[in-house]
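Report on one structure; see the data block that follows.
The values are calculated or read from the model by the stated rules, or taken from the named source; none is laboratory data. Please read these numbers as outputs of a predicted model, since none were measured by experiment. Here the Cβ is made from the backbone with ideal geometry for all residues, glycine too, and neighbour counts use every protein chain on show. SASA here: full protein model, heavy atoms, side chains in, ligands and nucleic acids out. Shrake-Rupley method; radii C 1.70, N 1.55, O 1.52, S 1.80 Å.
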Amino acid sequence: MAKETILVYARVKPLGRRQEAGIYSIEDDEKSLSTLEIIVPHDLADGVVNNKRESYKFKFQKIFDQEAKQDVVFDSIAKPVAECVLAGYNGTIFAYGQTGSGKTFTITGGAERYSDRGIIPRTLSYIFDQLQKDSSKVYTTHVSYLEIYNECGYDLLDPRHEASRLEDLLKVTIMEDPDQNIHLKNLSLQQATNEEEALNLLFLGDTNRMIAETPMNQASSRSHCIFTIHISSKEPGSATIRRSKLHLVDLAGSERVAKTGVGGHLLTEAKYINLSLHYLEQVIIALAEKNRSHIPYRNSMMTSVLRDSLGGNCMTTMIATLSIDKRNIDESISTCRFAQRVALIKNEAVLNEEIDPRLIIVQLKKEIQELKDELVLVTGKQRTSELSQEELLQLDKLIGTFLKDNDPDSALDVGADMRKIKYCFVHMKELMNHSKISDRKWLSQHTSEEKDTNKEAEELEKMKELLQQRDNEISILYILVNMLKKEKKKAQDALFQLNAASAGIPCAVPSSADDYYLSVGENMSLGCQEAFEVFKRDHADSVTTEDNKQLLKQRFAEAKCLGEKLNEVRNKINNLKGKITQRHIQKAALAVSSPSEELNMLDPVEEKLRMQIEEEKKRYYFCLKLLPSCGR
């Protein structure tokens with residue numbers, strides 16, 4: 001199919017009782033596009049010159065005025081797309097417009113009257129009606145319903161959704177394969193064999209949608225929803241399967257926060273909605289521009305999911321919903337401008353056909369058997385899947401002879417048997433690997449021997465250094481021994497002179513003991529004098545040192561006792577906290593088994609445990625205050 005532009009339609013919402021209609025006109029032409037003209041007259045009360053445009057004209061494929069019925073909209077917009085989907089092409093229909101302009105009514109419909117059914121239920125009815133009429137093919141239909149709320153995807157058909165909050169569900173995530181095809185993880189596909197099952201799934205998904213009351217709409221959709229119908233068809237006996245899908249998209253409405261005045265949670269939702277619609281507009285602008293290399297599909301989840309629909313393998317149709325109210329004229333003009341940019345995009349839808357893999361396997365098995373039969377006829381031998389033991393021994397001999405032969409022109413001839421050829425290659429590969437392993441072992445052994453030699457040389461060098469160090473130490477000790485001998489000789493001479501003087505033998509002796517010690521001190525070496533001074537100093541303070549030791553031992557014992565008390569108090573506190581936690585678990589289990597109002601009352605046991613914890617904390621802090629005094 002050749003490239004075709006996206007078809008763009010417009011639908012005007014009927015005015016409410018208190019709404020004042022704006023000025024607009026519709027020109028229908030059966031041969032060409034319809035024209036919508038919106039008049040915005042100047043406000044003369046401003047008293048200033050206003051050069052703003054008064055008339056805005058927009059072209060659409062067709063424009064549905066306020067009186068248009070749901071069946072007319074379906075026949076003109078959705079029915080042609082549904083026919084293409086049944087033929088094997090992908091299709092997309094999405095509604096775009098501000099909050100309260102009628103998008104959900106157009107796509108899903110109203111619940112008051114049967115005639116108010118929207119595009120989705122009418123499309124389901126039409127598709128299953130056509131499937132029942134066509135008995136030449138076997139059809140399989142599946143349905144999925146995706147909600148994108150605050151840039152997070154959720155499965156509206158998840159059976160756990162009825163008993164859980166939206167945030168508690170598994171989030172639908174986007175995965176992209178190497179061919180840039182989008183796959184949605186955690187999005188379930190529910191099979192629907194008839195119209196009733198499909199409508200029940202639609203009803204289930206609609207009841208789970210996020211809606212809220214806003215100043216613009218009493219039941220405003222706060223999320224983007226994509227209802228997808230997957231159809232696969234196959235003719236009996238054919239290996240070709242056609243797979244197609246139809247996206248029916250209900251976008252959340254754009255709204256100006258300043259006009260609506262919403263806040264809090266609604267304000268957060270509005271920010272995410274406007275941001276995703278802004279990214280959608282960026283993608284539309286990029287697709288409309290010529291020679292644009294990059295399209296920002298990945299900016300939001302919605303544009304990623306609708307990648308094929310906005311510039312790929314899909315037939316896409318857009319419905320611009322307009323609220324022609326004086327207060328909403330600006331938003332309606334903005335919606336029309338967006339629609340004109342969408343109308344410039346061209347998609348190329350192709351037929352989605354693939355070969356059934358099960359039939360391919362059957363055909364290949366049949367072909368293999370036929371080839372085996374032909375081979376038996378040509379060779380006259382029935383071959384098995386494995387070689388016999390005799391054939392293997394014969395091949396080993398041929399390979400050995402071939403490898404030992406030094407003639408470069410020699411050849412290894414095993415016949416036209418692929419089993420023997422493969423065995424020869426495998427055997428020769430094993431021999432080469434074994435040779436490489438042997439070379440590696442020899443190399444590693446040689447390397448280890450070199451390492452051992454280097455290690456012995458290093459150890460020998462270390463021993464030489466150690467021996468030199470010991471020689472130096474011996475020389476120093478020898479010098480010290482000589483110095484001690486000299487000191488000893490001097491002391492003996494002094495003692496001899498002292499004894500001689502006492503015996504009446506005249507010699508040079510000091511006049512008093514002090515002079516004697518002074519003379520001995522003068523004759524001492526420098527090292528001996530320093531040792532003597534250290535001895536005198538330490539000997540004078542020995543008593544004080546012993547007292548300090550006893551005091552230090554006493555303080556250490558006190559600190560150890562306080563530390564044991566602190567550990568004891570800490571263990572008590574942890575034990576009490578464990579009891580409180582156990583109490584909470586028991587209360588939670590009791591609340592699940594037999595819920596009642598008494599479970600929310602104060603627990604006296606828990607209060608008593610908390611009072612005990614406070615007392616133990618006071619003991620703990622008291623011990624902490626005493627601990628620094630033990631270190632002073």
### At R0 = 51 Å, FRET efficiency that the Cβ-Cβ distance of His42 and Ser135 yields, to 0.05
0.20
### Query
What whole number of Å gives the distance from the Cα centroid of the stretch 333-370 to the Cα centroid of the stretch 404-450?
51
### Message
Name the residue from Gln445, Leu467, Val426 whose Cα lies farthest towards the positive end of the charge dipole of the stretch 425-477, charges +1 on Cβ of Lys and Arg and -1 on Cβ of Asp and Glu.
### Response
Val426
### Query
Given the pairs Lys464/Lys490; Lys69/Lys245; Lys13/Lys290; Lys579/Lys617; Lys69/Lys290, which span a C-alpha to C-alpha distance of over 28 angstrom in this model?
Lys464/Lys490; Lys13/Lys290; Lys69/Lys290
### Query
Once Lys and Arg get +1 and Asp and Glu get -1 on their Cβ, which of Phe338, Gly312, Met301 lies farthest toward the positive end of the dipole of the stretch 281-355?
Phe338
### Task
Could you run the Karplus curve 6.51 cos²θ - 1.76 cosθ + 1.60 with θ = phi - 60° over the stretch 603-615 and give me ³J(HN,Hα) per residue in whole Hz, x for Gly and Pro?
9, x, 5, 5, 4, 5, 5, 5, 5, 5, 5, 4, 5
## Note on the structure
Measuring from its Cα centre, the stretch 1-146 shows a charge dipole (+1 at each Lys and Arg Cβ, -1 at each Asp and Glu Cβ) which, in debye to the nearest 20, is 400
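Take the Cα radius of gyration of the stretch 269-411 and divide it by 2.2 N^0.38 Å, with N its residue count; two decimals is plenty.
2.31
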#### Entry: Over the stretch 1-132 - Rg/Rh using Cα atoms and the Kirkwood inverse-distance radius
1.06
### Task
For the stretch 17-27, just list the computed ³J(HN,Hα) in residue order, Karplus coefficients 6.51, -1.76 and 1.60, θ = phi - 60°, integers in Hz, with x standing in for Gly and Pro.
5, 9, 8, 10, 6, x, 9, 8, 8, 10, 10
### Query
Round to a whole number: what % of the accessible area of the stretch 307-392 belongs to carbon and sulfur, probe 1.4 Å?
54
### Message
How big is the dipole moment of the stretch 396-481 about its Cα centre under a simple scheme where the beta carbon of each Lys and Arg is +1, that of each Asp and Glu is -1, and everything else is neutral? Debye, nearest 20, please.
### Response
560
### Cleavage-rule hits, trypsin sites (Lys or Arg not before Pro), the stretch 69-115, DSSP coil, Cβ neighbours within 10 Å at most 16
Lys69, Arg113
### Message
What aspartates and glutamates does Lys618 reach when the alpha-carbon gap must be under 14 Å and sequence neighbours fewer than 8 apart in one chain are set aside?
### Response
Glu568
### Query
Quick one: ranking Glu614, Glu196 by accessible area, 1.4 Å probe, largest first, what do you get?
Glu196, Glu614
### Task
List the aspartates and glutamates whose Cα lies under 16 Å from the Cα of Lys485, skipping any in the same chain that are fewer than 8 positions away.
Asp493
### Message
Can you return the lysines within cross-link range of Lys462? Criterion is Cα-Cα under 25 Å, with same-chain partners fewer than 8 residues away left out.
### Response
Lys451
### Message
Can you give me the long-range amide H partners of Ile241? Hydrogens built in the peptide plane at 1.01 Å from N, cutoff under 5 Å, separation of 5 or more residues or another chain.
### Response
Glu354, Ile355, Asp356
### Query
Is there a pair in Lys372/Lys429; Lys79/Lys133; Lys52/Lys271 whose C-alpha atoms are over 20 Å apart, and which pairs would that be?
Lys372/Lys429; Lys52/Lys271
